[in-house]
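Input: a single structure, listed below in structure tokens.
The values are calculated or read from the model by the stated rules, or taken from the named source; none is laboratory data. Just so we're clear, the structure is a prediction, and the values are computed from it rather than from any experiment. All Cβ positions, even for glycine, are placed from backbone atoms using ideal geometry, and neighbour counts span all protein chains on display.
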Amino acid sequence: MGAGLYLWREKSGPAPASASKEEASLSLELTQARVQPMPVILQSVGQVVSQHMVQIRPQVSGMLKQVLFKEGELVLKGQHLFLIETAPFEAALASAKAVADNAKGNADRLETVAKKGYVTEQDYQNVRAMAEQTQAAYQQALINLSYTDLRAPIAGRTGTVTMKSGNIVSPSDSLPLVTINEMQPILVQFSIPQQSLSRVRQSQEQHAIKVSVTDDKGVANLDQGNLVFIDNGVNPNTGTITLKAQLPNAHEQLWPGQYVTVNLHVTIEPKSIVVPQTSIQTGQNGNFVYIVEQGKVAVRDVRVDRQMDKLAVLSHGLLGSEQVIVRAPRDLRVGVKVTASKGGDAPAAEITLPDS
């Protein structure tokens, strides 16, 4: 019987690692949330309005003899604007004066006779009343003559002249001869949510509230002034309240009817917590930021009160000393090791306060 040959082989597999590789860390831009003074600025779309607009209309009928200004130019208060033909009114004034003088003379003569009892008191009173009526007619004729010289009741910029010289003008004309808008100072009208009203009123009791105006894109600075008006009621349809700011408009960069961006500088909060806007993330439960704790990524839910320039002002979530990731990659995970992209213990990026 032949002997059988049996072979035995020890099972083998990959050798266990002697040590696990150190987890790689991401190099990201970090900054520190900061506590610093920050202005409370409410932003709104506003419309420029003249605080005083006057329509120049004729008070008497007649031929428009002369236009004494160029349409679109600035005029001064009291400046001559239009002249209506005066001849008919001068003639009416002369006639009224003659009648009034004659009636007054008769009344004066009759007064002496009445004192002697030669005429009744009633006859004298009738003549005296007639004299007063003719005097009133003379005064009206004098006023009508003054209406032929139309002057600017305010200083401002003129609009389109609707009637040229040679035309007959009348108080019943549908269009004014010209409209004058006061330009310096000027008003900007805008609205804020009713929830902001109490904060605005509290600040107004303590100091004048500044208002700055930029163009409708919020870029070019146009002017700045003060809040001068808060409406006495909230619009129930929109839940907003109307405000007005007065601005000097020294260079006439603001024009009636123009839409602008209004910044209402309500107050300055001395201890606001701020982070870069780019650090704010949005999730299913609201806003959050990625922070670094003990070298690893963590998440903090935050509540953004407002945004200014490139900063976000937080009302909840951070204490103001956390290391915040400025720009988080999309696949960033909690627990990943992170180092500052500037290397080592580089100081956190400085967050500067924007101009208020």
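Just to be sure I understand, how many residues within the range 201-222 are over 16 Å from the mean Cα position of the chain (by Cα) and of a type in the set (Val, Ile, Thr)? Let's see the steps before the verdict.
Residues of the range 201-222 over 16 Å from the mean Cα position of the chain (by Cα): 201-207.
In the following step, the residues that additionally are of a type in the set (Val, Ile, Thr) were identified as none.
Residues flagged as over 16 Å from the mean Cα position of the chain (by Cα) and of a type in the set (Val, Ile, Thr) within the range 201-222 amount to 0.
Kindly indicate the residue of the range 241-293 that is aromatic (Phe, Trp, Tyr) and within 17 Å of SER50 (Cβ to Cβ) and also farthest from the chain's Cα centre (by Cα) among those meeting that condition. It would help to see each step written out before you state the result.
The initial filter retains those residues of the range 241-293 that are aromatic (Phe, Trp, Tyr), namely 255, 259, 288, 290.
Filter once more, keeping what is within 17 Å of SER50 (Cβ to Cβ): 255, 259.
On the way: TRP255: 12, TYR259: 9 Å.
Of everything passing the filter in the range 241-293, TRP255 is farthest from the chain's Cα centre (by Cα).
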Name the pairs: first residue in the range 227-249 and in a loop (DSSP other than H, G, I, E, B), second residue polar (S, T, N, Q), Cβ to Cβ under 8 Å, at least 6 apart or on different chains? ASP231/THR242; VAL234/GLN194; VAL234/THR240; THR238/SER191; GLY239/GLN194; PRO248/GLN184; ASN249/GLN184
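Out of the residues in the range 44-72 that are in a loop (DSSP other than H, G, I, E, B) and under 25 Å from the mean Cα position of the chain (by Cα), state the one that is surrounded by the fewest Cβ atoms within 10 Å (Cβ to Cβ).
Residues of the range 44-72 that are in a loop (DSSP other than H, G, I, E, B), as a first pass: 50-52, 57-61, 68-72.
In the following step, the residues that additionally are under 25 Å from the mean Cα position of the chain (by Cα) were identified as 50-52, 72.
Working: SER50: 22, GLN51: 16, HIS52: 15, GLY72: 11.
Going through the qualifying residues, I end up with GLY72.
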Could you tell me whether the range 161-184 includes any residue that is more than 30 Å from GLY78 (Cα to Cα) and either modelled with pLDDT of 95 or more or part of a strand (DSSP E or B) (or both)? no
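Hey, does the range 81-93 have a residue that's closer than 17 Å to VAL161 by Cβ and either exposed (fewer than 15 other Cβ atoms within 10 Å of the Cβ) or among the β-branched types (Val, Ile, Thr) (or both)?
There is at least one residue in the range 81-93 that is closer than 17 Å to VAL161 by Cβ and either exposed (fewer than 15 other Cβ atoms within 10 Å of the Cβ) or among the β-branched types (Val, Ile, Thr) (or both).
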For the subset of the range 96-128 comprising residues that are surrounded by 15 or more Cβ atoms within 10 Å (Cβ to Cβ) and among the small types (Gly, Ala, Ser), which member is farthest from the chain's Cα centre (by Cα)? ALA114
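Kindly indicate which of ILE268, ILE209, ILE192 is at pLDDT 95 or above, closer than 30 Å to ASP301 by Cα and among the aliphatic types (A, V, I, L, M). Spell out the reasoning first.
Values: ILE268 fails: at pLDDT 95 or above; ILE209 fails: closer than 30 Å to ASP301 by Cα.
Step by step, each of ILE268, ILE209, ILE192 is checked, and only ILE192 is at pLDDT 95 or above, closer than 30 Å to ASP301 by Cα and among the aliphatic types (A, V, I, L, M).
Please list, ordered by residue number, the strands (runs of 3 or more DSSP E) wholly in the range 260-312 having 1 or more residues that are among the hydroxyl-bearing types (Ser, Thr, Tyr), out of contact with any Lys or Arg (no Cβ under 7 Å at 6 or more places or on another chain) and buried (at least 21 other Cβ atoms within 10 Å of the Cβ). Spell out how you get there, then give the answer.
On the way: elements: 281-283, 286-293, 296-301, 303-308.
Here the list reads 286-293.
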